[in-house]
Protein chains: 2
Amino acid sequence: MNVEKVVHFVRQFVPLEESILESMLPILSQVELKKNEIWQAEGVMGTSMGFINKGIMRLYFTDDGEEFTQEFYAENEFASNFISYVKKQPSKTAIQALEPCELIVMQLDDLQNLYDEVPALDRFGRLYAEQMLIGMYDKMNAILGETPEQRYYKLLDSKPDIFSRVKQYYIAQYLGIRPESLSRIRKRHMESS
Amino acid sequence: MNVEKVVHFVRQFVPLEESILESMLPILSQVELKKNEIWQAEGVMGTSMGFINKGIMRLYFTDDGEEFTQEFYAENEFASNFISYVKKQPSKTAIQALEPCELIVMQLDDLQNLYDEVPALDRFGRLYAEQMLIGMYDKMNAILGETPEQRYYKLLDSKPDIFSRVKQYYIAQYLGIRPESLSRIRKRHMESS
DNA sequence: TGATTTTCTTAACTGAGGTCAATGAAATTA
DNA sequence: TAATTTCATTGACCTCAGTTAAGAAAATCA
């Protein structure tokens with residue numbers, strides 16, 4: 001199991017000594033997903049976080065038969081139904097692999113149990129939660145104050161590879177518009193550059 | 001100082017014995033605000049939570065000379081620049097009284113210091129943070145998946161008194177539209193009922 | 001209260017995204 | 001590889017919010 005990158009990721013938040021690795025290994029497991037496979041289904045409790053070693057995933061929910069993609073997760077990011085875990089309620093969102101994926105999976109309950117032994121992990125948990133809050137906050141402001149076109153350019157700027165790796169209509173869902181509108185925005189963009 | 005309602009509010013989250021009141025009193029203070037007065041300015045660190053005994057407030061930010069109202073807080077709610085406190089960064093948002101207000105103010109640092117002595121308060125802090133996260137999450141989904149008109153009716157349903165207490169253009173900011181558009185939505189609403 | 005400023009409404013126009021339908025391109029599968 | 005399905009693009013048309021400007025209503029203040 002290739003845990004190098006997870007450790008590196010966690011170390012961005014908190015210092016982690018080598019010895020701590022040993023206490024972490026038992027709560028980690030590796031998971032392989034096929035393209036389009038649902039990793040976490042709707043209606044199920046969110047119990048784990050998946051660090052993406054390879055591949056790309058999306059978090060989405062379904063309302064009135066229509067899907068809304070909320071977030072894309074790619075290499076070196078954690079994908080999770082965190083809201084469900086926090087609420088202790090079955091998740092309204094699902095997580096799907098959009099490419100063949102390789103995940104390092106961490107059980108959230110196991111992580112919480114480790115908090116007493118390894119304070120550094122406790123801190124990581126809190127910082128991660130806060131980071132999520134901030135991310136959601138920024139995103140909300142973007143949706144409130146920006147046009148779909150502005151959001152398109154922002155996404156193009158921050159995650160340019162998304163456009164070649166993910167189907168257009170998932171991106172359209174993410175931007176809050178119809179695939180046809182995304183096509184038109186792209187066309188306008190081509191013409192002006 | 002009238003702290004009855006704050007205590008009642010906190011008790012909705014966690015059981016609080018009478019004796020705990022004594023430890024809380026020193027970190028509480030009462031603040032009166034005039035109409036339109038800015039309680040927490042932009043660019044300042046978020047350091048406190050204000051429980052509203054009377055009045056109504058708004059949380060907003062300014063971008064490119066334009067204001068965006070993110071939330072209204074009325075009686076029996078806490079108003080705070082919580083994101084700033086969590087980020088430990090000067091706030092991008094400001095909080096303004098939209099009516100003469102009476103607040104019970106709690107210093108967040110003081111509250112954190114109390115956590116060691118009163119575990120029930122620690123729990124309150126966490127639950128409050130989680131509640132904020134959930135609220136923000138729900139709101140984001142509403143903005144992504146609903147039209148301004150749907151959001152208008154939702155607000156009308158959940159906080160009908162807002163419309164008589166708050167200026168239309170603040171509500172328009174909150175809904176993510178122009179005051180003119182809100183007028184038109186209201187007109188449509190009148191005609192159809 | 002009366003005067004002045006601020007806010008709200010209305011109208012005409014523009015533009016961007018939604019909808020529907022058809023076609024072309026790409027990915028899947030046999 | 002060919003056949004089939006899925007996805008992306010385009011066009012025509014429609015709807016609704018943005019913009020600008022004007023006037024009405026309401027709130028503020030002297």
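Taking only region B:71-84 into account, find how many residues are surrounded by fewer than 19 Cβ atoms within 10 Å (Cβ to Cβ) and either in contact with a Cys (Cβ under 8 Å, 6 or more places away or on another chain) or within 14 Å of chain A (Cβ to nearest Cβ) (or both).
The qualifying residues number 1.
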Among the residues in region B:170-181, are any open to solvent by 90 Å² or more (accessible area, probe 1.4 Å) and either in a loop (DSSP other than H, G, I, E, B) or more than 14 Å from chain A (Cβ to nearest Cβ) (or both)? yes
Within region B:8-23, can one find any residue that is closer than 21 Å to B:ILE171 by Cα, more than 14 Å from every other protein chain (Cβ to nearest Cβ) and not aliphatic (A, V, I, L, M)? no
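Grab the strands (runs of 3 or more DSSP E) fully contained in region B:57-132, keeping just those with 2 or more residues being more than 17 Å from B:ILE171 (Cβ to Cβ) and touching a residue at least 60 places away in the same chain (Cβ under 8 Å).
B:101-107
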Here are B:ARG123, B:ARG184, B:ARG165: which of them is open to solvent by 50 Å² or more (accessible area, probe 1.4 Å) and closer than 30 Å to B:PRO15 by Cα? B:ARG123
Can you tell me which of (1) buried (at least 21 other Cβ atoms within 10 Å of the Cβ); (2) within 14 Å of chain A (Cβ to nearest Cβ) is the one B:MET57 doesn't meet? (2)
Residue under evaluation A:GLN168, criteria (1) more than 11 Å from DNA strand C (Cβ to nearest atom); (2) touching a Ser or Thr at 6+ places or on another chain (Cβ under 8 Å), criterion not met: (1)
For region B:135-152, how many residues meet the condition of being open to solvent by less than 40 Å² (accessible area, probe 1.4 Å) and either under 11 Å from A:ILE83 (Cβ atoms) or within 7 Å of another protein chain (Cβ to nearest Cβ) (or both)? 8
Looking at region A:157-169, which of its residues are within 8 Å of DNA strand D (Cβ to nearest atom) and assigned to a helix (DSSP H, G or I)? A:GLN168, A:TYR169
Any pair with Cβ under 6 angstrom, 6 or more apart, that starts in region B:24-41 at a residue that is part of a strand (DSSP E or B) and ends at one that is open to solvent by 50 Å² or more (accessible area, probe 1.4 Å): B:GLN30/B:MET1
In region A:134-193, the residues that are under 28 Å from A:LYS54 (Cα atoms) and of a type in the set (Ser, Thr, Tyr): A:TYR137, A:TYR152, A:TYR153, A:SER158, A:SER164, A:TYR169, A:TYR170, A:TYR174
Any chance you could count how many residues in region B:170-193 are closer than 15 Å to B:GLU67 by Cα and within 11 Å of DNA strand D (Cβ to nearest atom)? 7
In region A:88-119, the residues that are more than 16 Å from the chain's Cα centre (by Cα) and crowded, with 18+ Cβ neighbours inside 10 Å: A:LEU111, A:LEU114, A:VAL118
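The values are calculated or read from the model by the stated rules, or taken from the named source; none is laboratory data. Given the structure is predicted, the values throughout are model-derived calculations rather than measurements. Ideal geometry is used to build each Cβ from the backbone, glycine not excepted, and the neighbour counts take in all protein chains shown. Accessible surface is based on the protein model in full, side chains and every heavy atom, while ligands, DNA and RNA are left aside. Shrake-Rupley method; radii C 1.70, N 1.55, O 1.52, S 1.80 Å.
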